[in-house]
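Single-structure report; data block below.
The values are calculated or read from the model by the stated rules, or taken from the named source; none is laboratory data. Just so it is clear, the structure is predicted and the values come from calculations on it, not from any experiment. Cβ sites come from the backbone with ideal geometry, for glycine too, and all protein chains shown count toward neighbours. The protein model used for the area step is the full one, side chains on, heavy atoms only, and it has no ligands, DNA or RNA in it. Shrake-Rupley method; radii C 1.70, N 1.55, O 1.52, S 1.80 Å.
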Amino acid sequence: MGFKLLNLCLAALFLCPLKTGSIRAECTPPSFASRNVILTAEHLSTPSFPDGSSVTFQCVIGHRPADLKASKSVTCQGNQWTNLELSCTRKSCGSLVDFLHGRYEMTGNLFGDSAKPVCDQGYMLAGQETTRTCRDQGWDGRDPLCEPVKCSAPPAIENGQLEDEPLENYNYLQAVSYSCNKGLNLTGQSILHCSEDGTFKPDPPTCFDGCPVPMIPNGKRIGGKSPPYKLSNFVEYKCEDGYTMKGEGYIVCTANGWSPEPPQCVAPCRLPELSEHVTLTEEFHAHKTFQYGSKVTVECVHGYEPVDATVSKTITCEETKWTELLLTCKKMDSKCQAPPIIENGQIEAVFYKCNSGFFLSGRSSLYCSEDGTFKQDLPKCLEGSVCDGICLGKRRHDNNPV
């Protein structure tokens with residue numbers, strides 16, 4: 001009994017390492033996307049493959065093996081797959097042959113390429129244009145039908161008509177001619193043709209009755225013919241004295257009217273109405289009127305200064321009206337600033353004066369002394385009249401006789 005128990009224990013010791021060493025390697029699902037291949041259906045959902053497993057690949061839709069003899073299988077060795085020999089290329093659908101009265105414009109003949117049908121000149125596709133595509137099983141769709149081009153009745157024109165009786169439809173390149181009513185000029189092409197897209201080309205002509213007489217107040221004609229004005233007639237204008245021309249004076253009668261548009265003769269501006277304490281600068285004082293486009297400058301009158309020194313001091317005459325005046329003025333501060341220093345010189349004396357209602361007590365002037373300071377005491381401005389000052393000075397003298 002004890003011997004058997006010993007044998008069981010020894011067997012257990014040997015079995016433990018053998019069990020751990022029996023865990024097998026495995027591979028993740030293989031992928032060879034650059035070769036345009038995919039796993040066969042039975043392996044697509046398998047999460048892993050044990051060592052020694054083999055799987056098979058096939059070409060993706062629209063592709064075929066580049067080498068029919070190449071192996072389509074790979075084997076899991078440890079945790080790596082062997083190399084795949086299979087590589088696939090796009091299938092060919094072959095070239096499409098021309099169809100009746102038409103041909104194909106092809107981007108190629110391999111899987112995914114397209115072919116656009118184009119009818120011969122004088123024919124057009126019946127129904128919607130259908131582009132064909134190279135699919136896995138070959139070209140999709142079918143050859144289109146090209147039928148002869150037909151144009152419907154040509155367009156009618158105002159103040160004109162076709163020279164022949166209109167038909168219900170016209171064949172490719174068939175022509176029609178237009179004419180205008182008596183006295184009118186035809187502008188454009190008088191002959192149109194039934195074109196490849198089933199319309200008449202070029203655009204139909206127009207019947208031109210001439211340009212209206214230009215109405216230009218304060219302007220006069222100095223060149224060109226008198227009305228009526230027909231195609232290509234020109235007129236040249238000049239403005240009366242004191243008026244300025246806005247636009248071009250030389251105009252030509254075209255199928256779309258006068259080119260360029262008739263000008264305007266703009267009246268001058270009168271003297272601008274300026275705000276209080278604002279005046280024109282001296283060079284404009286003699287003017288009574290100003291022509292269109294004139295610019296003038298303004299300034300504050302003597303004793304006033306701009307409220308905002310940065311605003312524009314220029315206004316412009318625009319079609320009898322002046323642009324907005326931005327300058328406003330305020331009374332200047334009456335206090336004088338310190339006198340400026342001159343180069344290589346100095347201030348020798350300063351003089352004082354009291355405001356109205358005050359009298360000066362003390363010396364009215366101080367002189368610069370040798371040490372660079374003003375000597376003597378500063379005077380004072382006392383409230384009262386000049387008489388009060390004289391009387392005050394006399395009392396002081398009487399109390400302190402020399």
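Among S152, S179, S31, determine the one that fluctuates most according to a GNM of the chain built with springs between C-alpha atoms less than 10 Å apart.
Its mean-square fluctuation being the largest, the pick is S31.
Counting only Cα atoms, I'd like the Rg/Rh figure for the chain, Kirkwood definition for Rh.
Rounded to two decimals, Rg/Rh equals 1.45.
Give me the extension gain from T314 to I341: residue separation times 0.36 nm, minus the current Cα-Cα distance, reported in nm with one decimal.
6.2 nm
Any chance you could give the angle, 0 to 90 degrees and rounded to 10, that helix 386-399 forms with the longest Cα principal axis of the chain?
Tilt relative to the chain: about 60 degrees.
How long is the gain from L326 to T28 if the chain were fully straight, where each residue apart is worth 0.36 nm and the alpha carbon distance is subtracted?
Extra length available between L326 and T28 comes to 99.0 nm.
Can you tell me which of 51-58, 160-167 comes out highest on packing, and rank the rest after it, using the mean Cβ neighbours within 10 Å?
By packing density, highest mean first, the sequence is 51-58, 160-167.
What ranking of M215, M332 comes out by heavy-atom accessible area, probe 1.4 Å, highest first?
M215, M332
To the nearest 500 deg cm²/dmol, what mean residue ellipticity at 222 nm is calculated for the chain from DSSP H runs of n ≥ 4 alone, each contributing -39,500 (n - 2.57), summed and divided by the residues?
After summing the helix terms and dividing by residue count, I get -2500 deg cm²/dmol.
Whole-Hz Karplus ³J(HN,Hα) for the range 235-245, in order, using 6.51 cos²θ - 1.76 cosθ + 1.60 and θ = phi - 60°, x for Gly and Pro?
Calculated HN-Hα couplings, in order: 9, 10, 10, 9, 8, 4, 4, x, 9, 10, 7 Hz.
Compute the separation of the alpha-carbon centres of the range 260-276 and the range 282-312 and state it in Å as a whole number.
When both Cα centres are located, 17 Å separates them.
Express in nm, to one decimal, how much length is gained between N79 and K353 on full extension, taking 0.36 nm for each residue of separation and deducting their alpha carbon distance.
So the extension gain works out to 87.4 nm.
Given a Förster radius of 45 Å and the C-beta distance between Q58 and D197 as r, what FRET efficiency does 1/(1 + (r/R0)^6) yield to the nearest 0.05? Before the final figure, lay out the partial values.
On the way: r = 48 Å, r/R0 = 1.06.
Between Q58 and D197 the formula returns 0.40.
Let me test this: with uniform point scatterers at the alpha carbons of the range 33-192, what is the Debye-based log₁₀ I(q)/I(0) at q = 0.09, 0.10, 0.13 1/Å?
Summing over Cα pairs of the range 33-192 leads to -0.58, -0.64, -0.81.
Find the accessible area per residue for the chain; the probe is 1.4 Å, ligands and nucleic acids are left out, and the unit is Å².
70 Å²
Considering amide H positions built from the backbone, and no H for Pro or chain starts, which residues 5 or more places from A70, or on another chain, come under 5 Å of its amide H?
none
All other residues with a Cβ under 14 Å from the Cβ of P227 taken together, and with Lys, Arg as +1 and Asp, Glu as -1, what is their net charge?
On the way: positive: R221, K225, K230; negative: D209.
Within the 14 Å Cβ shell, the charges total +2.
Among H101, I191, I157, flag the residue with its Cα farthest along the positive direction of the charge dipole of the range 70-197, charges on Cβ as +1 for Lys/Arg and -1 for Asp/Glu.
H101
Which whole-Hz couplings ³J(HN,Hα) result when phi for each residue of the range 208-218 is put into the Karplus expression 6.51 cos²θ - 1.76 cosθ + 1.60, θ = phi - 60°, listed in order with x for Gly and Pro?
Listing the rounded values in order: 9, 9, x, 9, x, 5, x, 9, 10, x, 6 Hz.
Give the angle, between 0 and 90 degrees and rounded to the nearest 10, that separates the Cα long axis of helix 2-20 from the longest principal axis of the Cα atoms of the chain.
60 degrees
Averaged over all directions, how much area does the convex hull of the C-alpha atoms of the range 195-245 cover when projected, in nm²?
Numbers: hull surface 22.4 nm².
Averaging across all directions leaves 5.6 nm² for the Cα convex hull.
Using a 1.4 Å probe on the protein heavy atoms only, what accessible surface does K220 show? Give it in Å² to the nearest 10.
Spelled out: K220, probe radius 1.4 Å, area about 90 Å².
I'd like the carbon and sulfur percentage of the solvent accessible area for the chain, probe radius 1.4 Å, heavy atoms only, ligands and nucleic acids excluded.
52 percent
By average Cβ neighbour count within 10 Å, what is the ranking of 285-295, 78-88 from highest down? Mind dumping the intermediate values first?
Details: 285-295: 12.9, 78-88: 15.3.
By packing density, highest mean first, the sequence is 78-88, 285-295.
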